[in-house]
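Student: Dropping the structure in here first, questions after.
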Amino acid sequence: MPKIPSTIAKVPELFYDVLFTFVLSRITRAMVFPDFGKIVWFGFLKYIIVLAFFWLIWTHQVIYSSRYRERPVIDNIYLAVNLFLLIYLSSTFTFPAVDLTQNSKVVAALLLLSVSSQFWLAWREHEPLAQLLAINLFVGFCLTALSVLVGTNTAGNIVFALATASATAGPLLLRKRLTEQSHFNTISNRLTIFTVFICARSTTQVTDSLNNLNLQSVLFFGSTVLLLVSYLLVFACGINQHTDRSSIFALLIHFPLVTALLLMSSVARLFTAGRVIPLDFAAWMLVMLMVFTITLGLYLNFYRRDTVNWRPKRAFYFVFSFALFTLYGLVTSTVGPLFLVGLCAYLIADDLYLWQFVLSPEPQ
């Protein structure tokens, strides 16, 4: 008889998540690249669409493993097949990845069909909502297949984007019916582990020069650790694991958060290699830092404990401190080490304020 899933991530799932972080970093390297010292915006927009597709696949895999009964043999076969398709799909994006190739779209369609059939098998065993999620993914498969027929032109890319958006909308529309305490416990823990993996991968992106004691790489390593500390503080001291809110919001919120971490590491790597001009580096780092701060704040706001002091004046501190650092960052943008020293100091101050006054406030 199938077993009820536990809230602890299993070894095959952790293996899947570890390799998934390498897949995401690979497509980030291939699709986020500079031209005459500046990041190409058109390639960045395509990167967001592709990253959203990968996040869609991972999201449904997490929903399935956290919600439906364990079928060890079948689940591990699907996990292996989906992982192979993901790795192969990431290999179709080679630098510079200007267009979504027909090969990429065919593999993406097979991925959606595979995950859809997995939910269909759960529906055959009368699992709740599996039929609706399977149908939603199958619609995404059909649209992706249509994008293959349309071609690699702009119209084909638009159809692919619509396929990603339609498949993503399914869990969001069903969020009220997907709300269960155990479901949130499982997903929040899985998200935390995955975010730790992303931070680990982000540090390895730019630490190739640590053996030469490159100061900028050392400072970026420190800033990544401080960003991870912020996230872990929020998870450990601020998130209510017994909330009755839908976990779908947590999955959606983590997409821009993870994207910000991946892009900061990629831009820092390009900057330390001398391929991005200082002003463009500072601008991208500031924007991604703002995205990370906002999404982490939303995560805390949606799922906070009653003891968290998240009043407007507390939130205003983070707005004011970020405004001051933005001014500092623009002034010191031409000197990379100065900018990164200021970034580390800013993150230390924010982490201390977050821990002392927001997550562990004094009793009134």
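Student: Of the residues Leu110, Leu83, Leu89, which single one is within 19 Å of Arg190 (Cβ to Cβ), assigned to a helix (DSSP H, G or I) and not polar (S, T, N, Q)?
Tutor: After applying the criteria, what remains is Leu83.
Student: Could you pull out the residue among Arg67, Arg29 that is more than 30 Å from Val267 (Cα to Cα), among the charged types (D, E, K, R) and touching a residue at least 24 places away in the same chain (Cβ under 8 Å)?
Tutor: Only one candidate passes the filter, namely Arg67.
Student: Within segment 166-181, is even one residue modelled with pLDDT of 85 or more, surrounded by fewer than 16 Cβ atoms within 10 Å (Cβ to Cβ) and not in a loop (DSSP other than H, G, I, E, B)?
Tutor: No, because not a single residue in segment 166-181 is modelled with pLDDT of 85 or more, surrounded by fewer than 16 Cβ atoms within 10 Å (Cβ to Cβ) and not in a loop (DSSP other than H, G, I, E, B).
Student: While we're on this one: Anything in segment 120-145 that is at pLDDT 90 or above and crowded, with 24+ Cβ neighbours inside 10 Å? List them, or say none.
Tutor: Leu137, Gly140, Thr144, listed by residue number.
Student: Here's another thing I want to ask about it. Going by the structure shown, is Val32 at pLDDT below 90, buried (at least 21 other Cβ atoms within 10 Å of the Cβ), over 22 Å from Ala167 (Cβ atoms) and not assigned by TED's automatic domain parsing to the domain that holds Ala260?
Tutor: yes
Student: I need the full set of residues from segment 18-53 which are not in a helix (DSSP H, G or I) and not charged (D, E, K, R), in order please.
Tutor: Val32, Phe33, Pro34, Phe36, Gly37, Ile39, Val40
The values are calculated or read from the model by the stated rules, or taken from the named source; none is laboratory data. Just so it is clear, the structure is predicted and the values come from calculations on it, not from any experiment. Virtual Cβ from ideal backbone geometry, glycine too; neighbours counted across all protein chains shown.
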